[in-house]
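The values are calculated or read from the model by the stated rules, or taken from the named source; none is laboratory data. None of the values given here were measured: they were computed from a predicted structure. Because the Cβ atoms are built from the backbone with ideal geometry, glycine has one as well, and the counts that use them run over all protein chains shown. Note: areas computed on protein heavy atoms with side chains; ligands, DNA, RNA excluded. Shrake-Rupley method; radii C 1.70, N 1.55, O 1.52, S 1.80 Å.
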Amino acid sequence: MDKMKQAQTTLKIKTNRQGLFEITPMVTEWLRDCNVNAGLLTVFCRHTSASLIIQENADPDVVLDVQDFYKQLVAEGNNIYRHSSEGIDDMPGHIKSTLTDVSLSIPIMDGSLVLGTWQGIFLFEHRARDHSREVVLHVMGQ
Amino acid sequence: MDKMKQAQTTLKIKTNRQGLFEITPMVTEWLRDCNVNAGLLTVFCRHTSASLIIQENADPDVVLDVQDFYKQLVAEGNNIYRHSSEGIDDMPGHIKSTLTDVSLSIPIMDGSLVLGTWQGIFLFEHRARDHSREVVLHVMGQ
Amino acid sequence: MDKMKQAQTTLKIKTNRQGLFEITPMVTEWLRDCNVNAGLLTVFCRHTSASLIIQENADPDVVLDVQDFYKQLVAEGNNIYRHSSEGIDDMPGHIKSTLTDVSLSIPIMDGSLVLGTWQGIFLFEHRARDHSREVVLHVMGQ
């Protein structure tokens, strides 16, 4: 049996609107080069107004409905929040980040992530303007 | 000190209603056979309309109240969502999954999970019909 | 390359009100003594009415707005919940815990957590009375 090893990288993701950006292909491509047969992948978002979710990547309507739900749940507007200097989508973005995920842990079995048939990994951008986001990948295994 | 090792398995859980199904005994039983004294357990749900939470497993009213909260927060109904072909409980299930957890990471100390006195691990089923769900367990430690 | 190693500890945090308590300094101080250059930190909250989030620690208004959002989202009151014997802030606390995080996984690169510029780790206390909370830290790496 091989010795336990680890690898890490930082993905850079350009976003230009609020919504969900699938990063599964970027993740699996990097993971292929790591040659880990059994182990654990951690995905970590380095931001407080963007976050991570795992959701269905088959019907594109699903992520649009997810996005609309959060838009209705967390109101945008003036005079709602103390923290408002960075725009009306800023504080709602912080809140949406706390409702979703900053880190995800996904086991690797037989050389592949154990994602279910319909599961994709998404960056959830909560800001309307252009952003460059960093997502750290860390894998440990053998 | 022993060498670092890892083990993995897939739990199959039959569900027949919306709500919370405790899986702590299945998890701890498998973990006992792994003989890990110090390490990290990851629990991963392979679905997009079922998820995971850790909650109180002492008073059964707690999980019923949790379930009711999510039922009120995420409306079921026709004409609310674009993605509606799989039933009125489908898109709400996807949303509830993003509000709760797809993965949980629990340290192991002195041979046991560090779960608090009242903490149990639950599969949160968001669909009304019968389903067979898969939850992957991964442990790394020594 | 050094051999893979791990370390664990339990932080004790006194809380005396509902709200967010930053624990980043306690975490990074402990981590410094672990001498891990590359690895994975797991933060785990051993409670069902307190939880964890990562959020902006620059403008203190952000965490106040986060707290207010959850207070409005999850109503406190009599006759709303089945589980009410431990006070009106108890069941809402359980629900807020499921909406936020019980565990966080943060990679370590070049000897430091990969937290973004604005990210701090917070214990989210959902109960109004004094509590002593336990947060377990687990690190694995080399």
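Observations, loosely collected:
- Flag for A:Gln72 being polar (S, T, N, Q) and closer than 14 Å to A:Gln18 by Cβ: yes
- Test: C:Arg129 is touching a helix residue (DSSP H, G or I) at 6+ places or on another chain (Cβ under 6 Å) and in a loop (DSSP other than H, G, I, E, B): no
- Qualifying positions in segment A:1-28 - over 20 Å from A:Ile54 (Cα atoms) and of a type in the set (D, E, K, R): A:Asp2, A:Lys3, A:Lys5
- Hits in segment B:38-61 - residues which are assigned to a strand (DSSP E or B) and either over 19 Å from A:Val114 (Cβ atoms) or aromatic (Phe, Trp, Tyr) (or both): B:Phe44, B:Ile53, B:Ile54, B:Gln55, B:Glu56
- Scanning segment C:91-126 for residues that are within 11 Å of the chain's Cα centre (by Cα), outside any loop (DSSP other than H, G, I, E, B) and without any contact (Cβ under 8 Å) to a residue 60 or more places away in the chain yields C:Ser97, C:Asp101.
- Whichever residue in segment B:110-120 is facing another protein chain (nearest Cβ under 10 Å) and on the phi < 0 side of the Ramachandran plot and, among such residues, is most open to solvent (accessible area, probe 1.4 Å): B:Trp118
- A:Leu137 part of a strand (DSSP E or B), under 30 Å from C:Gln142 (Cα atoms), modelled with pLDDT of 95 or more and within 9 Å of another protein chain (Cβ to nearest Cβ): yes
- Checking B:His83 against (1) at the interface with another protein chain (Cβ under 7 Å from one of its Cβ atoms); (2) at pLDDT 95 or above, the condition it does not meet: (2)
- Evaluation of A:Leu123 against (1) more than 10 Å from every other protein chain (Cβ to nearest Cβ); (2) open to solvent by 10 Å² or more (accessible area, probe 1.4 Å) (one fails), failing number: (2)
- Single condition A:Asp68 does not satisfy, out of (1) modelled with pLDDT of 95 or more; (2) facing another protein chain (nearest Cβ under 9 Å); (3) in contact with a helix residue (DSSP H, G or I) (Cβ under 8 Å, 6 or more places away or on another chain): (3)
- Given (1) under 14 Å from the mean Cα position of the chain (by Cα); (2) charged (D, E, K, R); (3) more than 20 Å from B:Thr42 (Cβ to Cβ); (4) open to solvent by 10 Å² or more (accessible area, probe 1.4 Å), number of the condition B:Glu134 does not satisfy: (3)
- Residues that are more than 9 Å from every other protein chain (Cβ to nearest Cβ), touching a strand residue (DSSP E or B) at 6+ places or on another chain (Cβ under 6 Å) and more than 23 Å from B:Ser51 (Cβ to Cβ) within segment A:29-65 comprise A:Trp30, A:Cys34, A:Val36, listed in sequence order.
- Evaluating B:Leu52 against the criteria (1) buried (at least 24 other Cβ atoms within 10 Å of the Cβ); (2) touching a residue at least 40 places away in the same chain (Cβ under 8 Å) leaves one unmet condition, (1).
- Residue tally, condition open to solvent by 50 Å² or more (accessible area, probe 1.4 Å) and either in contact (Cβ under 8 Å) with a residue 12 or more places away in the chain or not in a loop (DSSP other than H, G, I, E, B) (or both), over segment C:62-87: 5
- Answer residue from segment C:47-100, given it is of a type in the set (Asp, Glu) and in contact with an Asp or Glu (Cβ under 8 Å, 6 or more places away or on another chain) and is nearest to A:Ser105 (Cα to Cα) among those: C:Asp89
- Failed criterion for C:Asp2 (all others in (1) in contact (Cβ under 8 Å) with a residue 60 or more places away in the chain; (2) surrounded by 22 or more Cβ atoms within 10 Å (Cβ to Cβ) hold): (2)
- The number of residues in segment C:2-26 being more than 30 Å from B:Lys3 (Cα to Cα) and not in a strand (DSSP E or B) comes to 6.
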